[in-house]
1. For region 471-480, give me each residue that is touching a residue at least 24 places away in the same chain (Cβ under 8 Å) and surrounded by fewer than 18 Cβ atoms within 10 Å (Cβ to Cβ).
2. Quick one: how many residues across region 395-420 are among the hydrophobic types (A, V, I, L, M, F, W, C) and in a strand (DSSP E or B)?
3. Those residues that are of a type outside the set (Gly, Ala, Ser) and in a helix (DSSP H, G or I), I need them from region 176-187; list them, please.
4. Taking only region 62-96 into account, find how many residues are more than 26 Å from Met1 (Cβ to Cβ), modelled with pLDDT of 95 or more and either hydroxyl-bearing (Ser, Thr, Tyr) or assigned to a loop (DSSP other than H, G, I, E, B) (or both).
5. Quick one: in region 141-158, of everything that is of a type in the set (Val, Ile, Thr) and modelled with pLDDT of 95 or more, which residue is surrounded by the fewest Cβ atoms within 10 Å (Cβ to Cβ)?
6. In the same structural domain as Gly134 (by TED's automatic domain parsing), part of a loop (DSSP other than H, G, I, E, B) and farther than 10 Å from His132 by Cα: which single residue out of Gly55, Gly59 fits that description?
7. Inspect region 107-129 for any residue being in contact with a Cys (Cβ under 8 Å, 6 or more places away or on another chain) and either loosely packed, with under 15 Cβ neighbours inside 10 Å or farther than 30 Å from Gly218 by Cβ (or both) and give the result as yes or no.
8. Is it true that Thr319 is assigned by TED's automatic domain parsing to the domain that holds Thr199, over 21 Å from Gly162 (Cα atoms) and not charged (D, E, K, R)?
Amino acid sequence: MFPIDFFWRAAQRWPDRIAIDAPEGAIRYDALAARVAALAAGFTALDPAPQSRVGICVGNSADHIAALLAVLACGKVWVPLNPKSTRHEIRRIIDATEPSILVLDAACADLLDGAPGARVPTAGLADLAAVHAGAPRPVIDLPADATQAIKFTGGTTGAPKGVMQPYRAWMANITNQIHAWGFDEHERYIVAAPITHGTSTYLLPILAQGGCHVVLGGAGAEAVRTAFRERGGTVCFMPPTLVYMLMALPGASRADFPRLRRLIYGGAPMPPEKIRQVRDFFGPVLGTTYGQTEAPQILTVMLPEDFEDPQNWAAVGRTTWFSDVAIMAPDGGLLPTGEVGEVVARGDLLMSGYWRLPEKTAETLVDGWLHTGDRGLIDARGYLYLKDRLKDMVITGGFNVYPVDVENALGQHPAVHECTVFGLPDDKWGETVQAAVQLRPGEQASEAELIAFVRERLGPVQTPKHIHFHDSLPRSPVGKVLKSAVRDAALAATA
């Protein structure tokens with residue numbers, strides 16, 4: 001069995017149910033299945049090679065869902081391309097994975113300008129499906145460790161890291177999502193977060209159970225509220241910042257979410273006081289998961305009933321099926337209950353490695369254990385509590401930002417002698433990207449100039465919200481910049 005088989009079986013069981021409720025119209029399971037089979041045949045005709053890559057650079061839409069399902073159906077590898085990224089970042093991913101097919105909508109045409117690969121505009125998907133109408137469903141003959149998707153999680157020394165997610169990881173994720181949240185044929189999932197990110201892990205679990213994906217009619221918190229209020233939304237995954245925005249909308253009340261039964265947040269922590277506020281507003285529907293691109297979405301889960309006990313509010317849940325989560329000491333030994341160390345995981349949910357980066361893979365997967373780079377502890381009841389990150393990744397608004405990428409961009413400015421990038425807590429975004437800069441002697445640059453410089457190269461998500469200038473950055477005895485000291489100074493300055 002393969003991930004796409006969950007959809008095929010649902011289409012056979014519930015042909016008349018609505019699979020996608022989009023602004024342009026509703027799509028039944030039987031119609032979506034026929035379209036996916038036809039598109040899968042079309043993609044195969046464009047490139048018959050199994051396991052070839054297909055990049056999809058499309059905003060949230062019914063076309064995006066259908067194209068993604070078709071990629072899964074024909075045994076190819078999905079490469080998500082974030083429409084909110086820059087052309088430079090998109091091109092880095094394309095150059096690394098060499099997709100033979102690129103699916104794009106009109107808004108993303110400039111991002112893919114000059115990139116190799118056969119282009120399939122979303123406006124042409126209907127024509128491609130018509131040419132291959134009536135095509136049989138493809139038969140996949142690949143091992144469980146074959147790659148289903150390559151999702152990018154950051155760069156080191158200018159090279160992006162492509163996480164190879166195998167079939168077994170997707171199967172483990174789908175099974176755990178259904179089990180944890182109790183999805184059934186009555187679900188109406190609000191597609192709020194980008195399909196290129198966490199939302200993708202909910203597509204097949206909802207479809208497997210005969211549920212419906214509700215595509216928004218606009219952008220922003222107001223569009224999300226409208227979908228819940230007027231289109232019967234029951235469940236959604238979103239970053240905490242969007243949860244807060246929904247609560248802050250003019251006139252917002254629990255009555256705007258009449259059928260909501262699962263509000264799942266992820267991508268950033270939610271402080272205990274915020275958890276209290278969210279539960280007071282929405283009721284006992286809040287849940288969360290912990291995972292990484294390297295172990296997608298659901299290594300642990302916190303169910304609404306877990307949030308009934310306030311002592312759990314700082315936790316990220318307990319281990320799900322098909323995985324082991326443990327705490328490891330620097331010497332590689334596993335630590336007992338209550339002791340702090342690095343969070344490690346093993347099992348079916350893990351990646352098979354980083355695309356064409358064997359040395360980086362060997363550093364991260366050691367003796368079957370995934371080294372997450374997070375520090376935490378597991379209590380006697382099995383709840384995982386995260387304390388901090390060994391890695392310097394900043395999670396802002398649900399997006400991962402790697403300081404080295406921002407430092408590399410900022411360091412290209414002729415006035416910058418040295419810089420360091422870090423995150424600071426933020427009520428709205430979870431964390432904000434911040435930078436500390438030491439200018440070259442005799443050079444000048446304003447905060448606005450440096451922010452604009454980074455934004456042009458990396459886009460808005462990775463751009464620092466604030467630049468802290470230092471005559472001399474604090475350093476260790478061996479000359480290394482002390483990021484912790486810089487961060488503490490920035491915290492004190494903003495207190």
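The values are calculated or read from the model by the stated rules, or taken from the named source; none is laboratory data. These numbers come from a predicted model, not from an experiment. So basically every Cβ, Gly included, is an ideal-geometry build from the backbone, and we count neighbours across all protein chains shown.
1. Asp471, Ser472
2. 5
3. Across region 176-187, the qualifying residues are Asn176, Gln177, Ile178, His179, Trp181.
4. Residues meeting the conditions: 1.
5. Here the answer is Thr147.
6. Just a single option satisfies the conditions, and that option is Gly59.
7. Checking region 107-129: not a single residue is in contact with a Cys (Cβ under 8 Å, 6 or more places away or on another chain) and either loosely packed, with under 15 Cβ neighbours inside 10 Å or farther than 30 Å from Gly218 by Cβ (or both).
8. Yes, satisfied.
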